[in-house]
Structure formats: structure tokens, C-alpha cells
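Trainee: Starting off with a structure, shown below.
The values are calculated or read from the model by the stated rules, or taken from the named source; none is laboratory data. All values reported here derive from a predicted model rather than from experimental measurement. Ideal geometry is used to build each Cβ from the backbone, glycine not excepted, and the neighbour counts take in all protein chains shown. The protein model used for the area step is the full one, side chains on, heavy atoms only, and it has no ligands, DNA or RNA in it. Shrake-Rupley method; radii C 1.70, N 1.55, O 1.52, S 1.80 Å.
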Amino acid sequence: MLINFNFRVIWEYMPLFLEGLRNTFLISIVSLILALMVGILACAARLSRWKLLRAVSIVYIESIRSTPLLVQIYFFYFGLPTLGLRVPELETGIIALMLNSGAYIAEIVRAGITSVPNGQIEAGISSGLSYTQRMRFIVLPQALGVTVPPLLGQAIVLVKDSALLSLISVLELTRCGQELTSERFMPAEGFLTVAVLYLCIYYCLKPLAGWSQKKLIFREEY
Amino acid sequence: MIVFKNVHKWFGKLHVLNDINLHVRSGEVVVICGPSGSGKSTLIRCINRLEKFQQGELYVDGQALHDHSINLTKLRADIGFVFQQFHLYPHMTALQNVTLAPVNVRKIDKKEAVALGREKLARVGLADKAEAYPAQLSGGQQQRVAIARGLAMNPKIMLFDEPTSALDPEMIGEVLDVMVQLAGEGMTMCVVTHEMGFARQVAHRVIFMDAGQLVEKGAPDEFFDHPKTDRAAQFISKILTH
Ligand SMILES: Nc1ncnc2c1ncn2[C@@H]1O[C@H](COP(=O)(O)OP(=O)(O)O)[C@@H](O)[C@H]1O
Ligand SMILES: [Mg+2]
């Protein structure tokens, strides 16, 4: 099979693949940073004292988590223009990824915060620390250790999810495979190259996960 | 210093504190005992407002806790609380545990706080453990750090909720020694404990609670040797046979 493989074409299309790789990387980074902000805000709202904020955040988180990402992408792709908002495909895609990942990140952060035992908080209250001080000195540092590994997992999911943007004709990695398929009818070559490049991204992120695990995970036992 | 007047508290339907009247004077050491679930923890948690109550009056260090406009931060800063399970911050060293509140609540200078923290750790016999994390300390050592953490705020009152119940027997002594010393220095203390030896040695008064009621109060020797109520007599015979 490998004998029939047309490496010349892969080589010929390499500049396109590298552009796709770069775009996938940029889309993922930008979406991840925005999703982190959305996720932290949504989590703060979810844990807030105000019922309305809590309700809004629950509706957001649940509706994102219960519907397919592709549906969400189409929803923004076709929905935003009908609202009179002309948003280019790339931005539409980033908005969809941001809101999607944001909902998952909100739950990851919440799990981290609620994993801190109540006694820790009571100890802080008893010594007169304010809510903000308790969060900053007691809760968040302990939550961080349990939050970072699943966050990196979510980052990897986000990279893979960005492939769906190919369906609204954003030129990212997967789209390159599709181009090779439609222009030269070489799906095997195209998608194998794409897969290998995704693997490269994965192996760039993985050591980061290991490193952060060592650095940040706080263990009770030494 | 602490005055309970007809205090009632309910958890839903459960009447956890039933008409509590109690006056703890400055410098007094009061031991609170009673069966599990009788409301001892709830009682002392009301004193620093970890729990609210629905009826009655409670004055702590001149502040009226039934009044909602009190300065909670100041109230809590002036009261040390020691938990059964220590609740040290596991991501901080012993010294950091002890200096966190002085720096952030009392707003004292970092350097000054470190000196203060080391002094308090030395006082509980742990000068050499300042840089250790809680997980590297034994239970008795952790509880002593927790006491130092309370003392670092220079509190007017120290509250202890079963401070030795989670400890292995061989470590109980080291924690009680610190508390005995503290009592000797005139600290106002409310201690929930079943350590009769400690009560006889330093308590000015023993209070016996059962089912949310303050059933009996008296001098320790009198209470343990000649309890007035059957409920107290039964309870004492139980802790004696243990
Ligand atoms: N947060 C709470 N919510 C509901 N019930 C509680 C709560 N805390 C304690 N209780 C109940 O109140 C009673 C008294 O509890 P507590 O003060 O902890 O007793 P003690 O310290 O004497 O063992 C128990 O029956 C307990 O189950
Ligand atoms: Mg208790």
C-alpha cells in the first residue's frame, strides 16, 4: 500500500499543510485563552450568591454540554447572519469553540474549587480572612493542582474539535486534507498527513501535562 | 467576656441549642462535655459565628452577636479556634500557616510576622518545624501548629473543639501540655473535651450538655465526683470505663 503512496503530492502540498497546521495551532490557542476566561467567569457565576447569575450559568453550561459541537458551530454560522451580524467564518468558528470549551472548563474549575474541604474554609473564616483572601490564599492554590491536568486534557480536545471548523470552510489542518481529496482525489495521502500533524501537536502538549503534573499537583503524602 | 442569654438554635426541626445560659469570665477556662450529638460543637461555633442562632442574645467581648451589624472580621480575629481535625493549610509550611492571618488580617509587616510566627511555634515546642509541611508532621505536631496559628493573632479567647479526639493516645499529652500552659497564662478558654485529667487540672468550671440543653455546671472535682443529675452520672461512668 505504501508503495502506491504518492509522497510527491504530499511534498507538493506541504506549504498548504503547514499553513493549516499554523492555523489550527493559532485557532486552538486563541480559543483556549478565550475559553479559559469564559470558563472562569461562568464558574464564578455558577458559584455566586445571586440566583439569577447561577441560573444563567447553569443554562449556558448545560445547553452546551448536551448538544453536539457541530450543531453549535452551524448555529453560529447560520444564526449570526440572520441576526444581522456578519462575522467571518474564522471568527464564527473561534466563538463556537470558545463557548463550547468554556462550558467544560467552567465545570473543571468548579470541581477543583469544590474539592477543597470545607474545614479549610472554616479555618480561614475563623482567623478572620475575607472571602477574597480565602479564595486567593487557601482555595485556589489547592484547586489549581487538581484543575490543571483536566484543563490540559481539555486543551487537547479543543485542538481535535477545531477540525470541525473545516465544515464551515475555515482553512485549518483538516480542511487541507479535504482540499487534497477534492483537487487530486488522494484522501489517503491527505488525511494521513493531517493525522500525523495532529499527532505532532499532541506530543507537544503532552510533556507540558507531565511537567505541570509534577510542578503543580499538590500531594497530601510526600 | 462571653455571655449566652436564652440562646436557641435549630437545624431544621432539630433543636440543637435549647435555652442556653452561660457566662464565661475573662481568664476563665471552661470545659464542655456531653454525649456525641448533644450540641457542644454548635455551642462553641456560635461564639465566633461559624454558626448563627435564631433566638436569644450572645455577647462576645462586648459585641452583640444577635445584632447583625457586628464587625465579624474583628470578632474572629480576636478569637482563636482549634478544630478536631486541625485543618492546617496543606500547601503551606507550618510557618506560613501561622503567619497567614497576622499578615492579611492584622496587616502586620511580613518580617515582623515571621518573627511572631517563629515565637509562637517555639512556644508550642516546634521551633525546628517551621519549614515543614503539615503532611510531614505527626498529628500531635499538626495540632500544636494549629494552636500556634490561633495564638499568632494574639487572641482574647481560644476555643477548642475536641482538640485531642483525632490523635493517637501517645500524642494527646503533648497537646494537652500546651493547653495547660496556656490556661496558666490566664487565657480565656472554652474547651470541648472528655479529657477528665485536663479538666480537673485547669478548668474553673465544667459544663455538661445533653440533647441541646445545658444540664449541669460546676467545679470540675465536684462535677466528676458528685454529679447532680442522672444524665451526667451516666455520662461520667461511661467515660471512666473507657
Ligand atoms: N450543619 C448541620 N446541619 C444539620 N444538622 C447538624 C449540622 N451540624 C450539626 N448538626 C446536628 O446537630 C446536632 C449537634 O451537633 P454537634 O454540635 O456537632 O454535637 P457534638 O459536637 O456535641 O457532637 C447533631 O445531631 C448533629 O447531627
Ligand atoms: Mg462535636
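Trainee: Being at pLDDT below 75 and among the hydroxyl-bearing types (Ser, Thr, Tyr) is the filter here; which residues of the range A:195-222 pass it?
Mentor: A:212, A:222
Trainee: Anything in the range B:155-182 that is more than 16 Å from ligand 1 (Cβ to nearest atom) and touching a residue at least 60 places away in the same chain (Cβ under 8 Å)? List them, or say none. Before you say what the answer is, go through the steps one by one.
Mentor: Filtering the range B:155-182 for residues more than 16 Å from ligand 1 (Cβ to nearest atom) gives B:155-158, B:167-182.
Selection gives B:155, B:156, B:157, B:158.
Trainee: Quick one: which of B:29, B:16 is more than 12 Å from ligand 1 (Cβ to nearest atom) and closer than 25 Å to residue B:239 by Cβ?
Mentor: Values: B:16 fails: more than 12 Å from ligand 1 (Cβ to nearest atom).
Among B:29, B:16, only B:29 is more than 12 Å from ligand 1 (Cβ to nearest atom) and closer than 25 Å to residue B:239 by Cβ.
Trainee: Test residue B:21 against the criterion of being modelled with pLDDT of 95 or more, away from ligand 1 (no atom under 15 Å from the Cβ) and over 28 Å from residue B:238 (Cα atoms), and give yes or no.
Mentor: On the way: modelled with pLDDT of 95 or more: yes; away from ligand 1 (no atom under 15 Å from the Cβ): yes; over 28 Å from residue B:238 (Cα atoms): no.
The answer is no for residue B:21.
Trainee: If residue A:171 satisfies all but one of (1) away from every other protein chain (no Cβ under 14 Å); (2) in a helix (DSSP H, G or I); (3) surrounded by fewer than 21 Cβ atoms within 10 Å (Cβ to Cβ), what's the number of the condition it fails?
Mentor: In the conditions (1) away from every other protein chain (no Cβ under 14 Å); (2) in a helix (DSSP H, G or I); (3) surrounded by fewer than 21 Cβ atoms within 10 Å (Cβ to Cβ), residue A:171 misses (2) alone.
Trainee: Continuing with the same structure: Across the range B:42-86, what is the number of residues that are of a type in the set (Val, Ile, Thr) and more than 16 Å from ligand 2 (Cβ to nearest atom)?
Mentor: The qualifying residues number 4.
Trainee: Restricting attention to the range A:81-123, which residues are closer than 22 Å to residue A:62 by Cβ and surrounded by fewer than 17 Cβ atoms within 10 Å (Cβ to Cβ)?
Mentor: We begin by selecting, within the range A:81-123, every residue closer than 22 Å to residue A:62 by Cβ; these are A:95-115.
Within the range A:81-123, A:111, A:114, A:115 meet the criteria.
Trainee: Restricting the range B:46-59 to residues that are surrounded by 21 or more Cβ atoms within 10 Å (Cβ to Cβ) and within 11 Å of another protein chain (Cβ to nearest Cβ), which is farthest from ligand 1 (Cβ to nearest atom)?
Mentor: Of everything passing the filter in the range B:46-59, B:48 is farthest from ligand 1 (Cβ to nearest atom).
Trainee: Regarding residue B:117, is this residue at pLDDT 95 or above, within 18 Å of residue B:188 (Cβ to Cβ), within 14 Å of chain A (Cβ to nearest Cβ) and within 21 Å of the chain's Cα centre (by Cα)? Step through it out loud before you land on a result.
Mentor: Values: at pLDDT 95 or above: yes; within 18 Å of residue B:188 (Cβ to Cβ): no; within 14 Å of chain A (Cβ to nearest Cβ): yes; within 21 Å of the chain's Cα centre (by Cα): yes.
In short, no.
Trainee: Provide a single number: the residues in the range A:42-61 that are without any contact (Cβ under 8 Å) to a residue 40 or more places away in the chain and either under 16 Å from residue A:110 (Cα atoms) or open to solvent by less than 70 Å² (accessible area, probe 1.4 Å) (or both). Before you say what the answer is, go through the steps one by one.
Mentor: To start, the set of residues in the range A:42-61 that are without any contact (Cβ under 8 Å) to a residue 40 or more places away in the chain comprises A:44-45, A:48-56, A:58-59.
Among the residues that remain, those that are also either under 16 Å from residue A:110 (Cα atoms) or open to solvent by less than 70 Å² (accessible area, probe 1.4 Å) (or both) are: A:44-45, A:48-49, A:53-56, A:58-59.
Summing the residues that are without any contact (Cβ under 8 Å) to a residue 40 or more places away in the chain and either under 16 Å from residue A:110 (Cα atoms) or open to solvent by less than 70 Å² (accessible area, probe 1.4 Å) (or both) in the range A:42-61 gives 10.
Trainee: Tell me, which residue of the range B:70-95 that is in a helix (DSSP H, G or I) and within 9 Å of chain A (Cβ to nearest Cβ) is most open to solvent (accessible area, probe 1.4 Å)?
Mentor: Restricting attention to the range B:70-95, the residues satisfying the condition of being in a helix (DSSP H, G or I) are B:72-77, B:94-95.
If we keep only those that are within 9 Å of chain A (Cβ to nearest Cβ) too, we end up with B:72-77.
On the way: B:72: 54, B:73: 69, B:74: 95, B:75: 6, B:76: 35, B:77: 3 Å².
Only one residue fits best here, namely B:74.
Trainee: Condition (residue is within 16 Å of ligand 2 (Cβ to nearest atom) and in contact with a Gly (Cβ under 9 Å, 6 or more places away or on another chain)) applied to the range B:87-101: is it met by at least one residue? Even if it seems obvious, please write down each step before you answer.
Mentor: The initial filter retains those residues of the range B:87-101 that are within 16 Å of ligand 2 (Cβ to nearest atom), namely B:87.
Then drop every residue that is not in contact with a Gly (Cβ under 9 Å, 6 or more places away or on another chain), which leaves B:87.
The answer is yes, given that some residue of the range B:87-101 is within 16 Å of ligand 2 (Cβ to nearest atom) and in contact with a Gly (Cβ under 9 Å, 6 or more places away or on another chain).
Trainee: Also: Within the range B:21-41, which residues are surrounded by fewer than 21 Cβ atoms within 10 Å (Cβ to Cβ) and within 16 Å of ligand 2 (Cβ to nearest atom)? Break it down into steps so the answer makes sense when it comes.
Mentor: Going through the range B:21-41, the residues surrounded by fewer than 21 Cβ atoms within 10 Å (Cβ to Cβ) turn out to be B:21-23, B:25-28, B:35-37, B:41.
The answer is B:35, B:36, B:37, B:41.
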